[in-house]
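Down below is the structure, laid out as structure tokens.
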């Protein structure tokens, strides 16, 4: 008896999502997707799982970390179009001051540069 109708192999999922088979297996281990198995042990994915991986790939492509993308997957309505998802830069706007924690440490930085021959 073959796989159920409508399910696809990991290779087909990789082609449809742009993810590698290795990435897909990793996301399975993380519990992000739960493919079914054929009697021979091969992974087969339902259409919902493929769509979930497409959304995950879109979040990752937009610059989100895996943890952020997972959180977005759980809060995003399934019917929401991927084109409507904002790029990470549009959501995450760090305070420039927080990007320069060494500000005020000029004497230390000067000594390091002198020691390394950069100053």
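The values are calculated or read from the model by the stated rules, or taken from the named source; none is laboratory data. Remember, it's a predicted structure, so these values are computed and weren't measured experimentally. Cβ sites come from the backbone with ideal geometry, for glycine too, and all protein chains shown count toward neighbours.
Annotation: residue 40 fulfils all but one of (1) surrounded by 18 or more Cβ atoms within 10 Å (Cβ to Cβ); (2) part of a loop (DSSP other than H, G, I, E, B); the unmet one is (1).
Could you list all residues from segment 13-27 that are touching a residue at least 12 places away in the same chain (Cβ under 8 Å) and either closer than 14 Å to residue 74 by Cα or out of contact with any strand residue (DSSP E or B) (no Cβ under 7 Å at 6 or more places or on another chain) (or both)? Outline the logic, then answer.
Kept after step one, since they are touching a residue at least 12 places away in the same chain (Cβ under 8 Å), are these residues of segment 13-27: 13, 16-19, 24-25, 27.
If the condition is that a residue be touching a residue at least 12 places away in the same chain (Cβ under 8 Å) and either closer than 14 Å to residue 74 by Cα or out of contact with any strand residue (DSSP E or B) (no Cβ under 7 Å at 6 or more places or on another chain) (or both), then 16, 17, 18, 19, 24, 25, 27 are the ones that fit.
Checking each residue in segment 59-72 for being under 20 Å from residue 48 (Cβ atoms) and crowded, with 16+ Cβ neighbours inside 10 Å picks out 59, 60, 69, 70, 72. Residues that are loosely packed, with under 12 Cβ neighbours inside 10 Å, assigned to a loop (DSSP other than H, G, I, E, B), at pLDDT 90 or above and under 17 Å from the mean Cα position of the chain (by Cα) occur at least once in segment 19-26. Counting the residues of segment 43-75 that are part of a helix (DSSP H, G or I) and in contact with a strand residue (DSSP E or B) (Cβ under 7 Å, 6 or more places away or on another chain) gives 1.
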